[in-house]
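The values are calculated or read from the model by the stated rules, or taken from the named source; none is laboratory data. Please read all numbers here as calculations on a predicted model, not as lab measurements. Neighbour counts run over all protein chains shown; Cβ positions are idealised from the backbone, glycine included.
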């Protein structure tokens, strides 16, 4: 279940951010999503929040929570697993 959710989150990132030419296998589960890792920015974070709400019914209530949630694909998947409706 956890591995499947991680793959779903990777695909969600690719789809929500319209990253062309990338597959879920190319995204490191534990790499940072911002900066050195995937190189996302604050606008990408907003797009991911909206996509997560639509797909999983989870809400990221504030920026402090978002900072913790969007550390890596694994932290996003953990948050979804704990808060999914």
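Close contacts from region 16-36, counting a first residue that is over 13 Å from residue 74 (Cβ atoms) and a second that is in a strand (DSSP E or B) and modelled with pLDDT under 95, with Cβ to Cβ under 8 Å and a gap of 6+ residues or different chains, come to 17/40; 34/40. For residue 30, the conditions (1) modelled with pLDDT under 95; (2) not in a helix (DSSP H, G or I) are fulfilled apart from (1). Residues in region 72-85 that are modelled with pLDDT of 95 or more and either part of a loop (DSSP other than H, G, I, E, B) or in contact with a strand residue (DSSP E or B) (Cβ under 6 Å, 6 or more places away or on another chain) (or both): 72 only. Can you say whether residue 67 is in a helix (DSSP H, G or I), within 12 Å of residue 33 (Cα to Cα) and modelled with pLDDT under 95, as far as the supplied structure shows? Answer is yes for this residue. Which of the residues belonging to region 1-15 are modelled with pLDDT under 95 and more than 18 Å from residue 79 (Cα to Cα)? Selection gives nothing.
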